[in-house]
Amino acid sequence: MKMLKAAFQALFALVETALVYVAVLHLMGALFRLPWRNWIDDAVWARAAPSVSAVLCMLALYRLTRKRYALPMRIARASESPERFQRWFSAVALSTAPVVLVMGVDRFESLETFHLISASALVASLFNVLWIALTEEFIYRYVLMSRLLHLGVPMLIAVAIQASLFLLGHGKHAFIDPHTSAWYLVGGLTLGTLYVATRSISCTVALHVVVDICIAQTGPASYWLTQRAIDAMRYDWAHVATGIWTLALLGYWFHTSRTRATSPYDLAGRHTVRLLR
């Protein structure tokens with residue numbers, strides 16, 4: 001009976017997330033279909049305008065929906081050890097991508113290439129990265145995970161569900177090969193775990209932005225409108241990052257299961273969701 005109830009709760013959260021997803025897609029589509037070039041003379045700034053507008057709209061959505069989706073900040077812990085471990089995991093998650101990328105650089109682009117980078121193109125690229133990160137974090141972490149946790153779904157299962165949908169949401173591109181699938185799945189697990197470890201959607205957005213910027217420096221990315229900073233790598237930094245994140249995830253959840261701690265969320269004083277059941 002409990003399993004059936006949990007299944008219905010998860011289904012309810014998925015339906016709500018799907019409706020939000022469709023609404024956000026329509027909003028983003030409407031913004032990018034507007035005739036910005038008719039209003040802005042500069043071609044690059046005209047291309048940046050919908051991204052800037054999308055960022056502002058997403059920030060407004062976060063603000064307007066925080067009463068329903070934001071996770072409460074009150075923490076119930078038996079000791080300080082879990083909190084220290086959460087800070088450790090957060091540091092590893094946020095630093096892994098840029099560190100392994102920089103360590104793996106074989107050759108940067110020439111100075112002449114850097115001179116070709118215009119301020120407008122760089123700003124447009126960064127806003128493209130930001131609105132993509134804000135949108136995906138809003139759907140998968142802010143809405144989906146929050147609803148699952150508020151409905152009583154165990155935390156680890158909620159993390160696994162959103163990571164699986166994050167993988168599927170990237171379509172056939174995420175299934176080119178096993179390494180790519182592992183990248184998206186582990187990335188989704190890392191983002192979800194970071195969200196429950198920090199209770200801050202800002203941290204997951206920051207990680208998402210950093211990773212997308214790193215990706216754009218080592219390969220073609222439609223959202224990056226200017227030259228890349230890196231010419232060649234000694235190794236595939238994404239594979240290394242996937243391995244480090246996997247080890248950090250195993251360590252985090254193993255430590256969590258051993259401490260048998262309760263969830264850091266006191267859901268509006270009604271009940272507490274357990275980390276594992």
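Some notes on this structure:
- The packing ranking of peptides 211-218, 103-110, highest mean first, is 211-218, 103-110, where packing means the average number of other beta carbon atoms within 10 angstrom of each residue.
- Taking amide H atoms as placed 1.01 Å from N in the peptide plane, the amide H of Asp231 lies under 5 Å from those of Arg107, Phe108, Glu109, each 5 or more residues away in sequence or on another chain.
- Nearest-ten-degree value, helix 178-198 long axis tilted from longest Cα axis of the chain: 60
- As a fraction of the 1.4 Å probe accessible area of the chain, surface on carbon and sulfur atoms comes out at 67 percent.
- Debye intensity ratio I(q)/I(0), log10, the range 77-142, q values 0.26, 0.28 Å⁻¹ (C-alpha model): -1.08, -1.08
- In degrees, nearest ten, helix 237-259 long axis to first principal axis of the chain (Cα): 20
- In terms of its C-alpha gyration tensor, the range 24-149 has an oblate overall shape, because the principal axis ratio a/c (a ≥ b ≥ c, square roots of the eigenvalues) is not below 1.5 and a/b does not outweigh b/c.
- Look at (i) 1.07; (ii) 0.94; (iii) 0.99: the one that is Cα Rg over 2.2 N^0.38 Å derived from this structure is (i).
- Only helices enter the 222 nm calculation for the chain: every DSSP H run of n ≥ 4 contributes -39,500 (n - 2.57), and dividing by all residues gives -23000 deg cm²/dmol, rounded to 500.
- Stokes-Einstein D for the range 123-241, Kirkwood Rh over Cα pairs, 10 °C, 1.306 mPa s (µm²/s): 106
- Compared with the dominant principal axis of the Cα atoms in the chain, helix 2-33 is inclined by about 20°.
- Radius 12 Å from Cβ of Tyr62, net charge of other residues (Lys, Arg +1; Asp, Glu -1): +4
- Per-peptide average of other Cβ atoms within 10 Å, ordering 176-187, 196-207 highest first: 196-207, 176-187
The values are calculated or read from the model by the stated rules, or taken from the named source; none is laboratory data. Small disclaimer: the values here were computed from a predicted structure and weren't measured. We place every Cβ from the backbone using ideal geometry, glycine too, and count neighbours over all the protein chains shown. In case anyone asks, the SASA skips ligands and DNA or RNA and just uses the protein heavy atoms, side chains included. Shrake-Rupley method; radii C 1.70, N 1.55, O 1.52, S 1.80 Å.
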